[in-house]
Amino acid sequence: MKAGIVALIGRPNVGKSTLINALVKEKIAIVSDKPQTTRHIIHGIIHGDGFQLVLVDTPGIHKPRTTLGSRLNAATNAALDDIDIVCLLLPANEQIGVGDKMILEQVSRMNCKKIAIVSKSDCVKKPVLLEKLQEVSEIAAGWNFEWDEIIPLSARKNENTNELVALLARSMPEALALYPEDAITNKDQQHRIAELIREAVIRQVFDELPHSTLIDIDEIIREGSGLVKIFASIYVERESQKGIIVGKGGLQLKEIGTRARKEIERLLSAKVFLDLRVRVESNWQSNENTLDRYGF
Ligand SMILES: Nc1nc2c(ncn2[C@@H]2O[C@H](COP(=O)(O)OP(=O)(O)OP(=O)(O)O)[C@@H](O)[C@H]2O)c(=O)[nH]1
Ligand SMILES: [Mg+2]
């Protein structure tokens, strides 16, 4: 048996969560076109013939502006201890910038196999992709290391994703499986439901409230009929932000509820009744106690 831990890292928005979902073949991490979507370390488990891969999705490494931001970076750093492979995602359709270079420096100091993933390969034409691969290959020399592998892929189009799994499986050490055979993630259903609500909130109001919301599940009731009733709170940081979530005549909140409910129904394979309340938790992103309470 071969088994081991593979961390996916990179700046916000490079496609880490989309990739873990594509590899695990189920939506275990929420995704958005806005930066700093992922806020927790999420494991995605792949079971193969004679191997088990534990993929680790991490919050995008960035320059923090809040206590939450610092804690997210710290969580990512902690997740990089004791891993077998690190995969750094660099998008094919963007320049390698200051943010990437900060992470490259960090990668150079790591004592594990290093794989560069050129993500979003579907966004560029072949010649541009080839140039990017060359650039990625050369850039490691600036920090005195070499990539063990460089692989271009598109998580959205599932291009080269099977090849990545095969490559990772080959590189795993001999070890016992870390998770039971039926596990696909370390996150429980309640956490995944809260995340699907947050994803709907990000879709609807990110521009007005980029990172201000926190979701708490108050109660889940499973009725005999199969209906699942979910009561949840969307926390904002200030009273004035409540109206943004609720919207004119409650329309915004209704739309958030409808989007989230559809995703949750898919997750639970059941009919769902979703009741969302908007509440205030003053400046929670900077409140150490609140952050502790919510597991950041
Ligand atoms: N065209 C294309 N878009 C992609 C691909 N992978 C991810 N994206 C898009 O890129 C955006 C960011 O994707 P995420 O997976 O949320 O990125 P992330 O790295 O997890 O971001 P954080 O959680 O904020 O660190 C989303 O709009 C995705 O749909 C891809 O292979 N091709
Ligand atoms: Mg993510």
Lone unmet requirement of (1) crowded, with 23+ Cβ neighbours inside 10 Å; (2) of a type outside the set (D, E, K, R); (3) within 16 Å of ligand 2 (Cβ to nearest atom) for GLY69: (1)
Looking at the structure I just gave you, is VAL14 touching a residue at least 40 places away in the same chain (Cβ under 8 Å), assigned by TED's automatic domain parsing to the domain that holds ALA78 and surrounded by 23 or more Cβ atoms within 10 Å (Cβ to Cβ)? yes
Any chance segment 167-184 includes a residue that's within 28 Å of ARG65 (Cα to Cα) and in contact with a Lys or Arg (Cβ under 7 Å, 6 or more places away or on another chain)? no
Enumeration of residues in segment 134-158 that are closer than 30 Å to LYS27 by Cα and either among the aromatic types (Phe, Trp, Tyr) or open to solvent by 70 Å² or more (accessible area, probe 1.4 Å) (or both): TRP147, ASP148, GLU149, ARG156, LYS157, ASN158
Say we look at segment 71-127 and pick out the residues that are among the basic types (Lys, Arg) and under 18 Å from THR161 (Cα atoms); which of these is farthest from ligand 1 (Cβ to nearest atom)? LYS114
Can you run down the residue pairs with Cβ atoms below 7 Å, 6 or more apart or on separate chains, where the first is in segment 92-115 and over 14 Å from THR76 (Cβ atoms) and the partner is open to solvent by 70 Å² or more (accessible area, probe 1.4 Å) and not in a helix (DSSP H, G or I)? SER108/ASN144; LYS113/ASP148; LYS114/ASP148; ILE115/ASP148; ILE115/GLU149
From the set of residues in segment 21-30 that are in contact (Cβ under 8 Å) with a residue 40 or more places away in the chain and open to solvent by 40 Å² or more (accessible area, probe 1.4 Å), which is farthest from the chain's Cα centre (by Cα)? GLU26
Given the criterion hydrophobic (A, V, I, L, M, F, W, C), within 12 Å of ligand 1 (Cβ to nearest atom) and either at pLDDT 95 or above or not in a helix (DSSP H, G or I) (or both), identify the matching residue among ALA3, ALA29. ALA29
Checking the conditions here, which among LYS248, LYS271 is touching a Leu at 6+ places or on another chain (Cβ under 6 Å) and open to solvent by 70 Å² or more (accessible area, probe 1.4 Å)? LYS271
Residue under question is HIS47, and the condition is that it be within 13 Å of the chain's Cα centre (by Cα), open to solvent by 30 Å² or more (accessible area, probe 1.4 Å) and either within 16 Å of ligand 1 (Cβ to nearest atom) or of a type outside the set (S, T, N, Q) (or both); does it hold? no
Report, ordered by the first and then the second residue, all pairs with beta carbons closer than 6 Å, sequence separation of six or more or different chains, a first member in segment 206-233 that is in contact (Cβ under 8 Å) with a residue 60 or more places away in the chain, and a second member that is basic (Lys, Arg) and open to solvent by less than 60 Å² (accessible area, probe 1.4 Å). PHE206/LYS34
Verdict on PRO91 being of a type outside the set (A, V, I, L, M), touching a strand residue (DSSP E or B) at 6+ places or on another chain (Cβ under 7 Å) and buried (at least 17 other Cβ atoms within 10 Å of the Cβ): yes
Could you give me the residue pairs with C-beta distances under 7 Å whose first residue belongs to segment 238-266 and is farther than 26 Å from GLN285 by Cβ and assigned by TED's automatic domain parsing to the domain that holds TRP284, whose second residue is exposed (fewer than 15 other Cβ atoms within 10 Å of the Cβ) and among the basic types (Lys, Arg) wherever it lies, and which are 6+ apart or on separate chains? GLU265/LYS271
Looking at segment 235-296, what helices (runs of 4 or more DSSP H) fall wholly within it and have at least 3 residues that are touching a helix residue (DSSP H, G or I) at 6+ places or on another chain (Cβ under 7 Å) and over 22 Å from ILE221 (Cα atoms)? 239-246, 288-293
Answer from LEU164, LEU196 - the residue that is under 23 Å from ARG11 (Cβ atoms) and either surrounded by 20 or more Cβ atoms within 10 Å (Cβ to Cβ) or without any contact (Cβ under 8 Å) to a residue 40 or more places away in the chain (or both): LEU164
From the residues in segment 34-66 that are charged (D, E, K, R) and within 11 Å of ligand 2 (Cβ to nearest atom), which one is nearest to GLN190 (Cα to Cα)? ARG39
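The values are calculated or read from the model by the stated rules, or taken from the named source; none is laboratory data. Keep in mind that what you see is a predicted model, and the values were worked out from it rather than measured. Cβ atoms come from the backbone with ideal geometry, glycine included; neighbour counts cover every protein chain shown. Side chains included, ligands, DNA and RNA excluded: accessible areas come from the protein's heavy atoms. Shrake-Rupley method; radii C 1.70, N 1.55, O 1.52, S 1.80 Å.
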